[in-house]
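What follows is a set of notes on a single structure, which appears directly below.
The values are calculated or read from the model by the stated rules, or taken from the named source; none is laboratory data. None of these values were measured; they are calculated from a predicted model. In this analysis, Cβ positions are derived from the backbone assuming ideal geometry, glycine residues included, and neighbour counts consider all displayed protein chains.
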Amino acid sequence: MFYGWRVAGASFSILFVIVGIVYYSFPVFYNPLIQEFGWTRAQVTAGFAISIIFVGPLFGISAGFLIDRYGPRRIVLVGLLLAGTAFLGYGWMHSLNIYYLFYFLQTAGYVVAGPIPNQVLICNWFDRLRGRAMGGAYVGIGIGAAVAPLLARFLVDHVGWRWAMRAISAGILLVLIPITLKLVRNRPSDLNLLPDGASPGESRGVGSAVVEGFDSLAAVLRTRAFWLIALGSFMSIGAIGGVIQHLVLFLEDSGFSPLEAAGVPSILAVSSIIGRIIMGWLADRFPKKYVMLAACLCVAGAVPLLYSPNLGTMAYVFAAIFGFGMGADYMMIPLITAECFGLRSLGRIMGVIITTDSVGQAFAPVVVGHIFDVTRSYDWAFVLLTAMGLSGALAIAFVRRPRAKED
């Protein structure tokens, strides 16, 4: 078996925990923290907002440069150490300031060990099979997102929130770090191999012409393609964030019971896994721009279904379509970026793009909430989110692969 699949398996495990478990389980801990310390909801959730605004951009952009300089393996290890330390610290904290300190460490670990370095790893190890490998690794996020709330609730109910935090820390420090040390290598040449396990002289497919690509981030920033990809992903990911954060509230306002409202995101999560697998396969057979365009259109086209008078049925149709596009959208961003700009500066490019995407994902829900507060309805908010999704699709439709000499 080609060693790259072991690297992809390691990325699956890392994304399963660092994104799936660490990110999606944390809301389960909010109520235990409120009950034990008497903190307000605003206080326990402020760590997320502050971290996204300040810690995310700083570490995201810095990690991109460091990945290109030192390779993703070292950066992943640093991120895992930060995240593991944060969850270990949560288990012994007793003040709000210390909580914020560990939340900042957690966010830094998420950024440094999460999507950015793993995207670069997969792109380094695969060319012709890159879509399938990226899709397989990203399934880890979907499964983690589905498992995380249940796992966290089980641990909190049986051993308490402090030991639940420590258990997550043990998984990161005692399982993920050894896996990374054992399996992860920066690129095939470290083991005298070629991407996809190709033999010397074997054709490597359409992406090989830009496998090295642009020498500097400055050269990339001067291309039209970069700004179109950045705008397209910002708009589409922002639309996703706006929908996800308000979906349950909207469904409950529309007459769904809490249990019924919680079931719709579950369908969405399962559909996102299917989207990653299918679209990853398609990305190896068709131009990645068109596959990402289809994902953006799924996101934009699903939102108007929430206007349906038969919402009891259409909410699940929405979840299936929206989840499919959402899962593929996140995965396609590094694929189309690598196809356009190659691998030489990919870490720096993704550091910038993912940072801007995170800002859109953080602020879109705030805008949606403001629209609802003013109008007492989500109607105009859904118009905005649909327009954002369509704008993202339009931007991606105009992407053309630039020449490396375009600097």
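Some notes on this structure:
- Residue match in segment 255-270 (condition: closer than 27 Å to A338 by Cα, assigned by TED's automatic domain parsing to the domain that holds I333 and at pLDDT 90 or above): no
- A295 being crowded, with 18+ Cβ neighbours inside 10 Å, without any contact (Cβ under 8 Å) to a residue 24 or more places away in the chain and either touching a helix residue (DSSP H, G or I) at 6+ places or on another chain (Cβ under 9 Å) or not assigned by TED's automatic domain parsing to the domain that holds G140 (or both): no
- Flag not set for G275, criterion: of a type outside the set (A, V, I, L, M), over 25 Å from Q245 (Cα atoms) and either touching a helix residue (DSSP H, G or I) at 6+ places or on another chain (Cβ under 6 Å) or without any contact (Cβ under 8 Å) to a residue 40 or more places away in the chain (or both).
- Test: S25 is closer than 28 Å to L221 by Cα and either free of Cβ contacts under 8 Å to residues at least 40 places away in the same chain or in a helix (DSSP H, G or I) (or both): no
- Pair list, Cβ under 8 Å, 6 or more apart: segment 32-57 residue farther than 20 Å from L105 by Cα, other residue in a helix (DSSP H, G or I) and among the β-branched types (V, I, T): P32/V156; I34/V44; T40/I34; R41/I34
- Enumeration of residues in segment 385-407 that are under 15 Å from V299 (Cβ atoms), buried (at least 19 other Cβ atoms within 10 Å of the Cβ) and of a type outside the set (S, T, Y): L385, M388, G389, L390, G392, A393, A395, I396
- Residues located in segment 121-150, provided they are among the aromatic types (F, W, Y) and either out of contact with any Phe, Trp or Tyr (no Cβ under 9 Å at 6 or more places or on another chain) or closer than 18 Å to R73 by Cβ (or both): W125, F126
- Listed by first and then second residue, the pairs linking a residue in segment 312-330 that is within 21 Å of G280 (Cβ to Cβ) to a residue that is among the basic types (K, R), with Cβ atoms under 7 Å apart and 6 or more places separating them unless they lie on different chains, are G327/R276; A328/R276.
Rundown of residues vs (1) under 20 Å from the mean Cα position of the chain (by Cα); (2) surrounded by fewer than 15 Cβ atoms within 10 Å (Cβ to Cβ); (3) under 30 Å from R344 (Cβ atoms), yes/no style:
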position	(1), (2), (3)
I237	yes, no, yes
A261	no, no, no
P265	yes, no, no
V270	yes, no, no
G275	yes, no, yes
P309	no, yes, no
I321	yes, no, no
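- Conditions (1) farther than 29 Å from R376 by Cβ; (2) of a type outside the set (V, I, T); (3) surrounded by fewer than 22 Cβ atoms within 10 Å (Cβ to Cβ); number of the one not met by F226: (3)
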